[in-house]
Each structure stands twice: as C-alpha cells, then as structure tokens.
Amino acid sequence: MNEKNELIDNMKKIHTTIMGLERLKRNLKSVLAEEEPCEFCKRLILDSDCKIKRQGKNFYCSKNNIIITINSYSYTIITAHIYKNL
C-alpha cells in the first residue's frame, strides 16, 4: 500500500490534541478563515494534488506551501506550517 492510500484509508483516525489544535490555529491563521483546523488539514490531504511521504514515524503532507506533519502510528496531526519559499 502506498503512503497516500494508507493515510486516506485511515482518514477517520486523523485527529489532533488540544495543544495541537492551538498550534494549527496559530500556524495556519492566514488560510483557515472560519474552517476548523483539523477539517482543513483532512481536506488538504484528500486533495489529488497533495503530496504525501512517510519518513520515520511521521507522514508529511504538502500542498500550496503548506506542510502538515502527522504521526504515522496514532494518526495525530502534530503541526502544520506555511512556507513562503517552497
């Protein structure tokens, strides 16, 4: 199974912690509008243009200068960042 399929097959397990939610709100505030951060991340992951790779214990999902880090064992969204120079 490739990395993208593995993550999509476990989409219902993807979640974040309270601290992770605050981190996502802070780091993604310019693109979130009124959308809930975890749902925004899930929508981005499901996008056909999203690139997903697994490195060590984490998945890294990237699209449009946004990189989301997800623990590959617990499916917890750890953080997300907007990069201006990608």
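Anything in the range 19-30 that is more than 13 Å from Thr76 (Cβ to Cβ) and surrounded by 15 or more Cβ atoms within 10 Å (Cβ to Cβ)? List them, or say none.
Result: Asn27, Leu28.
Here is a check on your reading of the model: is Tyr73 free of Cβ contacts under 8 Å to residues at least 12 places away in the same chain and closer than 13 Å to Glu6 by Cα? Lay out the reasoning, then the answer.
Working: free of Cβ contacts under 8 Å to residues at least 12 places away in the same chain: no; closer than 13 Å to Glu6 by Cα: yes.
For Tyr73, the condition - free of Cβ contacts under 8 Å to residues at least 12 places away in the same chain and closer than 13 Å to Glu6 by Cα - is not met.
Hey, which of the strands (runs of 3 or more DSSP E) in the range 17-86, taking only ones fully inside, have at least 1 residues that are among the aromatic types (Phe, Trp, Tyr)?
Where strands (runs of 3 or more DSSP E) fall fully within the range 17-86 and carry at least 1 residues being among the aromatic types (Phe, Trp, Tyr), they are 58-63.
What's the total number of residues in the range 31-45 that are surrounded by fewer than 12 Cβ atoms within 10 Å (Cβ to Cβ) and either on the phi > 0 side of the Ramachandran plot or among the aliphatic types (A, V, I, L, M) (or both)?
1
No value in this document is a laboratory result; all are computed from the given coordinates. Just so we're clear, the structure is a prediction, and the values are computed from it rather than from any experiment. Note that each Cβ is placed from the backbone with ideal geometry, even for glycine, and that neighbours are counted across all protein chains shown.
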